[in-house]
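Report on the following structure.
FYI, it's all coordinate maths here, none of it is from the lab. Just so it is clear, the model here is predicted, and its values are computed rather than measured. Positions of Cβ are generated from backbone atoms using ideal geometry, with glycine treated the same way; all protein chains shown enter the neighbour counts.
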Amino acid sequence: MIIDAAFVGRIFRAESGRSIAALISAIGDIDLAEDAVQEAFAIALRRWPAAGVPPNPGAWITTTARNHAIDRLRRQARERRLLGDAALLTSPAKEADHVFDDRLRLIFTCCHPALPTEGQVALTLRLLGGMSTAEVARSFLVAESAMAQRLVRAKRKIKAARIPYRVPDEHELPDRLPPVLSVVYLIYTSGVSGGDPSLCGEAIRLARTLATLMPDEPEVAGLLALVLLSESRRATRTRPDGSPVLLAEQDRSRWDRALIEEGHALVRWCLRRDRPGTFQLQAAIQAVHTDAATAERTDWAQIVTLYDQLLTIAATPVVALNRAVAVAEIHGPAAALVLVEDLDLDGYHLFHATRADLLSRLGRDREAATAYQRAAALAPTPAEREFLHRGGRTARSCKHRQQR
Amino acid sequence: MTKYMLSAHSVEGQSPPPMSPEDVQQVTKQVLALEGEMKEAGVWVFGGRLHGPDTATVVRALGQQVITTDGPFVEAREHLGGLYILEAADLDAALSWAAKVTSIVGAPIEVRPFAGLPEG
């Protein structure tokens, strides 16, 4: 085993979230916790190559970081003669309720609804995902200085407004859990749309952690199932040039069976709990897709039923659009087009792409071409733009259409 | 413990329709009950409703001179209508009081922490 910067970096990504969470719990200061954990990894990088890796590297990091932080607080206390800080070190209150993992407290702090979404995402990736500010900035295509600003602002608000570091009470969860789940899912979808698999991996890791720490919450299981089932198909969703592959044309033999089975088991568990929510229903829809051996054998009636249920909880135009796509498979493109026309989604490229596809299936080629151009103009990536300019067709899908 | 300001803002021309005397009485009763609850819980520092911005006066120092003028400091459509100052353990505690206030008065409540004196 070669113990170098890359090796320590991998341990950092895997372990720093737990260490930072434990440190914040012990000393109550995010910046100090971050510094101390960084310092511990710097020490590891100097010491481990010669002395060898300790049996539990994560625990070693946490202990080293804690000692470092305590030293620093003691120095500050001496310098400033502030007894308050010293008192923090021996606060016994923190030991009393170790029912919850520190990481769970931390994710609820990072995703507190008092913080803006972009700040929630940045903090979660930085503190729990162990990503550097530069890495987070790259993943979201913003300048590193802008990302650093977001983090500073979010941390300043946590401190100034005293956003608590605790797992909300049961009665607060309906207000507090959704932003946590949305942040994790946003991290996942950003990884898909930006072509950054490390974000997808991070989101799955966060979802797994949440599912372990909150084993009784069906929506948490639903989120984990949703990201696992999406992940099972991710590699088949784009061509090497970045253009999208339609669901019906994806190579199902390359779908990841292990992820699908794990996702399906979670969806079945959710069904038994019978407390449906948006993530569970989206996961159930993915489960129906991944259950079909071929595109033709998809149970579209089941999918429409699930979208109907989803609409009763989350009546958004995007859900209605996706439902219409399923309706087209059962009742034909004309029935679906009626449902699509009224939706208020003029700025959404997939709205125009869906309309275009339905129009072209109805033989209304000129209207379809106009809709494809509109979709292309709104598409977020060059590869998607190119794909839509060609009328959502590839060499293979042209053949596919001719065969039909 | 941190002090928080819970403020209610009114927007000119968007004031709710005038309430019947019975409704006014009802809201007043609820507000008084809530304020009693705040005092009971030991979070109450101060609170009150303000007269309209047309009753405001601005004083500013210009060098050695002090100039007094009529009117609010900023000509805006939104005005501070009233506020509470509460001392609470953390933001969640302050937010739960704000939730009670907004459900009675019907206006959104802004919650902001007070900054302490800078550390010397």
Original post:
Using the reciprocal of the averaged 1/r over all distinct C-alpha pairs, how large is the Kirkwood radius of the range A:297-363 in Å?
Top reply: 12.0
**OP:** Evaluate the distance, in nm, between pseudo-label points positioned 7 Å from the Cα of B:Val27 and of A:Ala258 along their respective Cα→Cβ axes.
**Re:** 6.2
Original post:
According to the Cα gyration tensor, what semi-axes, each the square root of 5 times an eigenvalue, does the equivalent ellipsoid of the range A:122-206 have, listed from largest to smallest in whole Å?
Top reply: 23, 18, 9
Subject >> Calculated FRET value between A:Glu39 and A:Asp241, using beta carbons and R₀ = 35 Å, to 0.05 >> reply: 0.20
Subject >> Kyte-Doolittle at least 0.5, axis length at least 27 Å by Cα - qualifying DSSP helices, chain A >> reply: A:5-27, A:173-193
Original post:
Order of A:209-220, B:18-29, A:312-323 by packing, highest average Cβ count within 10 Å first?
Top reply: A:209-220, A:312-323, B:18-29
Original post:
Once the piece of chain linking A:His171 and A:Thr212 is laid out straight, how much longer is it, given 0.36 nm per residue of separation minus the C-alpha distance between them?
Top reply: 12.7 nm
Subject >> Partner chain coverage, peptide B:92-100 - average Cβ within 10 angstrom >> reply: 3
Subject >> Under 16 Å from the A:Asp4 label point (7 Å along Cα→beta-carbon), backbone N, the range A:34-68 >> reply: A:45-46, A:48-50
Subject >> Estimated FRET transfer efficiency when R0 is 30 angstrom, pair B:Ala56-A:Ala143 (beta carbons, to 0.05) >> reply: 0.10
Subject >> Non-local Lys pairs in the protein assembly as shown, i.e. 8 or more apart or on different chains, that have alpha carbons under 17 Å apart >> reply: 6
Original post:
Using helices alone, what [θ] at 222 nm do you get for the protein assembly as shown, with -39,500 (n - 2.57) per DSSP H run of 4 or more residues, divided over all residues and rounded to the nearest 500?
Top reply: -20000 deg cm²/dmol
Original post:
With N residues in the protein assembly as shown, what two-decimal value do you get for its Cα radius of gyration over 2.2 N^0.38 Å?
Top reply: 1.18
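Grab the beta carbon distance between A:Thr312 and A:Val53, set R0 = 60 Å, and tell me the FRET efficiency rounded to 0.05. Please report the intermediate quantities before stating the final value.
Details: r = 53 Å, r/R0 = 0.88.
With R0 = 60 Å, the Cβ-Cβ based efficiency is 0.70.
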Subject >> Unit Cα scatterers, Debye sum, the range A:316-404: log10 I(q)/I(0) for q = 0.16 Å⁻¹ >> reply: -0.61
